[in-house]
Amino acid sequence: MQGVPVLRVAAIHDLSGFGRASLTVAIPILATMGIQVCPLPTAVLSSQTSGVDDFTFLDLTDQMGPMMDRWARLGLKFDAVYSGFLGSPDQSGLAGRCIREFRAPGGIAVVDPVLGDNGTLDPTQTPEMVEAMRRLVRQADIITPNLTEAAFLLGEPYRPDISRDGLRDQLRALAAMGPSAVVITSAPATSSENMATVAFDGRRFWQVEVPHLNAFYPGTGDSFASVLTGSLLLGDSLPVAVDRAVHFVYLGIQATYGYDTPHRDGVLLERTLPSLRMPFTGGSYTEF
């Protein structure tokens with residue numbers, strides 16, 4: 001890492017030609033935060049898949065190993081290894097290799113276990129992918145499932161009305177799989193008018209609530225995990241990083257909701273990127 005003046009992240013995500021998701025949000029978000037992104041693409045798609053019935057899908061499993069071989073010859077190390085969408089079950093082992101071989105001393109491994117939402121698997125996901133993701137999260141320092149993905153990882157029913165005690169149990173159970181910190185997004189809040197993101201750092205439980213907006217856009221989970229990763233790399237604590245990520249995503253939804261843009265386009269990321277350069281002036285996180 002000698003002579004490298006910026007932080008580096010190895011980003012194991014797909015590249016979608018249309019739609020603000022995966023690498024097309026991770027790269028601009030982390031770059032805006034002053035962090036270099038080095039992609040290790042898992043697949044190339046014509047578009048993100050939410051609300052799109054016909055898309056192309058090119059699995060890049062056979063390219064990932066050779067890419068890492070070249071990285072090894074270059075002597076590359078990364079301050080974070082950050083994975084998201086996997087294109088095949090075998091890629092969990094390749095992502096694990098990236099964590100083991102290319103994470104710099106003191107670096108972090110962030111796994112966003114992209115599997116589905118609203119109680120169902122995404123179109124490209126299978127039970128075999130769920131098992132592969134379980135193997136990968138065991139090697140992570142931080143994982144960021146949504147409520148649906150948490151249920152799949154734990155082999156539990158999806159419970160959109162899960163209690164606070166139930167959320168604590170899920171956070172503990174996911175941490176017991178290996179990660180030192182767990183964040184669950186899209187969780188029910190203390191008020192039906194809000195939505196919550198909850199987190200566990202091995203000692204304390206944290207939550208951030210924002211008002212519920214009757215809108216859903218693909219790629220917001222990728223935006224959340226990208227801001228969280230960047231914030232942690234820049235020295236924020238877990239609750240502060242969660243707070244910053246939640247409010248960035250909420251700002252993006254607000255900036256998009258007032259326009260009649262198609263759902264498939266995702267949030268108007270370009271309108272909200274400058275907010276990442278603003279200083280953190282206080283948080284809304286609390287213990288629960």
CD proxy, 222 nm, the chain: helix-only mean residue ellipticity via -39,500 (n - 2.57) per DSSP H run with n ≥ 4, per residue, nearest 500, stands at -11000 deg cm²/dmol
Quick one: which of 143-152, 89-98 comes out on top by average Cβ neighbours within 10 Å, and what's the full order, highest first?
143-152, 89-98
Percent carbon-and-sulfur accessible area, the range 75-134, ignoring ligands, DNA and RNA, probe 1.4 Å
51 percent
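Counting alpha carbon pairs within less than 8 Å and at least 6 residues apart, what relative contact order, in whole percent, applies to the chain?
Over the chain, the number comes to 17 percent.
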Once you charge only the Cβ atoms, +1 for Lys and Arg and -1 for Asp and Glu, what is the size of the charge dipole of the chain about its Cα centre, to the nearest 20 debye?
980 debye
Heavy-atom surface of the range 1-93, accessible at 1.4 Å and reported per residue (Å²):
42 Å²
Rg to Rh, two decimals, where the range 131-240 supplies the alpha carbon set and Rh follows Kirkwood
0.94
Kirkwood-based Rg to Rh ratio, the range 29-117, C-alpha trace
0.98
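Kirkwood hydrodynamic radius of the range 1-61 from all distinct Cα pairs, in Å?
Value: 12.6 Å, from the Cα pair sum.
With the Cα gyration tensor of the chain in hand, convert its eigenvalues to equivalent ellipsoid semi-axes via √(5λ) and list them largest first in whole Å.
Details: eigenvalues 133, 90, 86 Å².
Computed over the chain, the values are 26, 21, 21 Å.
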Accessible area per residue for the range 140-288 in Å², computed with a 1.4 Å probe and the full protein assembly in place, what is it?
44 Å²
Counting pairs of Cα atoms in the range 199-240, how many percent are more than 12 Å apart?
71 percent
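The values are calculated or read from the model by the stated rules, or taken from the named source; none is laboratory data. Since the structure is predicted, the reported quantities are computational estimates derived from the model, not experimental observations. Here the Cβ is made from the backbone with ideal geometry for all residues, glycine too, and neighbour counts use every protein chain on show. What goes into the accessible areas is simple: the full protein's heavy atoms, side chains included, and nothing from ligands, DNA or RNA. Shrake-Rupley method; radii C 1.70, N 1.55, O 1.52, S 1.80 Å.
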